[in-house]
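S.K.: Take this structure first; my questions come after.
The values are calculated or read from the model by the stated rules, or taken from the named source; none is laboratory data. Small disclaimer: the values here were computed from a predicted structure and weren't measured. We place every Cβ from the backbone using ideal geometry, glycine too, and count neighbours over all the protein chains shown.
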Amino acid sequence: MVRYVKDEALGLIALRITATARKYKVFIRRGRVVGSMPPPPYGEVSIMIKLIDENKAELLKALKEEKKKIPDETVEQRNVLIRKANVYLPERLAELATKYDFSYRIIRIKDNKSRWGSCSSLGAINLSLGLMRIPTHLIDYVLLHELCHTVEMNHGPRFWALMNKVTGGDAKKLRLELRKYSL
Ligand SMILES: [Zn+2]
């Protein structure tokens with residue numbers, strides 16, 4: 001589970017709450033502060049936030065350093081990505097929907113930095129431009145995830161059963177693999 005907390009100075013902070021985490025850790029990945037922590041009852045978001053606060057000066061400095069290393073995507077590169085996304089994602093979504101018999105109403109592609117995708121109860125699927133930066137089998141995973149939400153709006157057992165049906169039983173494996181990437 002990932003929660004996002006906004007900090008005035010540090011920007012959007014991703015809090016990764018994972019069952020395997022034993023300690024609180026703060027690090028920087030791809031220009032963003034990431035906090036890793038155990039789940040409740042051992043893990044408490046307030047402790048994580050406190051740790052981030054205590055290390056704020058250091059984190060700010062590290063963020064600045066990293067920004068220097070990674071040049072910002074040029075406007076031109078981004079425009080190319082937008083054009084590619086607007087061709088690839090609607091086509092692939094339609095293909096997968098036809099193959100597995102899902103229906104949706106509308107697809108929107110945005111430069112969303114907090115989620116790979118989302119699906120509204122009215123069948124509107126929102127996809128992040130960031131999908132264009134991950135391997136195609138993981139793009140499919142996200143598209144199928146949103147398509148499954150057109151049937152099951154939650155992440156309950158029925159949702160995961162459906163996800164397994166359309167991924168050949170690989171849903172959890174793909175989910176873990178996607179975690180290696182950040183938006
Ligand atoms: Zn979901």
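S.K.: Does Asp101 fit the bill of being farther than 26 Å from His149 by Cβ, out of contact with any helix residue (DSSP H, G or I) (no Cβ under 8 Å at 6 or more places or on another chain) and surrounded by fewer than 15 Cβ atoms within 10 Å (Cβ to Cβ)? Spell out the reasoning first.
M.R.: On the way: farther than 26 Å from His149 by Cβ: no; out of contact with any helix residue (DSSP H, G or I) (no Cβ under 8 Å at 6 or more places or on another chain): yes; surrounded by fewer than 15 Cβ atoms within 10 Å (Cβ to Cβ): yes.
For Asp101, the condition - farther than 26 Å from His149 by Cβ, out of contact with any helix residue (DSSP H, G or I) (no Cβ under 8 Å at 6 or more places or on another chain) and surrounded by fewer than 15 Cβ atoms within 10 Å (Cβ to Cβ) - is not met.
S.K.: Could you check region 1-10 and list, in sequence order, the residues that are without any contact (Cβ under 8 Å) to a residue 24 or more places away in the chain and either surrounded by 12 or more Cβ atoms within 10 Å (Cβ to Cβ) or more than 23 Å from Asn112 (Cβ to Cβ) (or both)?
M.R.: Residues of region 1-10 that are without any contact (Cβ under 8 Å) to a residue 24 or more places away in the chain, as a first pass: 2, 6, 8.
Matches in region 1-10: Val2 only.
Residues are listed down the side, and each one gets a yes or a no for (1) part of a strand (DSSP E or B); (2) hydrophobic (A, V, I, L, M, F, W, C); (3) surrounded by 15 or more Cβ atoms within 10 Å (Cβ to Cβ):
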{"residue": "Val34", "(1), (2), (3)": "yes, yes, yes"}
{"residue": "Pro40", "(1), (2), (3)": "no, no, no"}
{"residue": "Ser46", "(1), (2), (3)": "no, no, no"}
{"residue": "Ile52", "(1), (2), (3)": "no, yes, yes"}
{"residue": "Ala57", "(1), (2), (3)": "no, yes, no"}
{"residue": "Lys61", "(1), (2), (3)": "no, no, no"}
{"residue": "Glu66", "(1), (2), (3)": "no, no, no"}
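S.K.: What tally of residues in region 69-105 results from selecting those that are of a type in the set (A, V, I, L, M, F, W, C), at pLDDT below 95 and not in a loop (DSSP other than H, G, I, E, B)? Can you show your working first?
M.R.: Keep residues of region 69-105 that are of a type in the set (A, V, I, L, M, F, W, C), which gives 70, 75, 80-82, 85, 87, 89, 93-94, 96-97, 102.
Okay, now just the ones that are also at pLDDT below 95, so 70, 75, 80-82.
Narrowing further to those that are not in a loop (DSSP other than H, G, I, E, B): 75, 80-82.
Counting residues in region 69-105 that are of a type in the set (A, V, I, L, M, F, W, C), at pLDDT below 95 and not in a loop (DSSP other than H, G, I, E, B) gives 4.
S.K.: Taking region 107-128 only, how many residues are more than 16 Å from the ligand (Cβ to nearest atom) and modelled with pLDDT under 95?
M.R.: Residues meeting the conditions: 3.
S.K.: For region 113-183, list the helices (runs of 4 or more DSSP H) that sit wholly inside it and hold at least 3 residues that are over 27 Å from Ile13 (Cβ atoms) and in the same structural domain as Glu95 (by TED's automatic domain parsing); which are they?
M.R.: Working: elements: 136-149, 157-167, 171-178.
In region 113-183, the matching helices (runs of 4 or more DSSP H) lie at 136-149, 157-167.
S.K.: Which one of these does His145 not meet: (1) of a type outside the set (Asp, Glu); (2) over 24 Å from Asn86 (Cα atoms); (3) touching a helix residue (DSSP H, G or I) at 6+ places or on another chain (Cβ under 7 Å)?
M.R.: Condition (2) is where His145 drops out.
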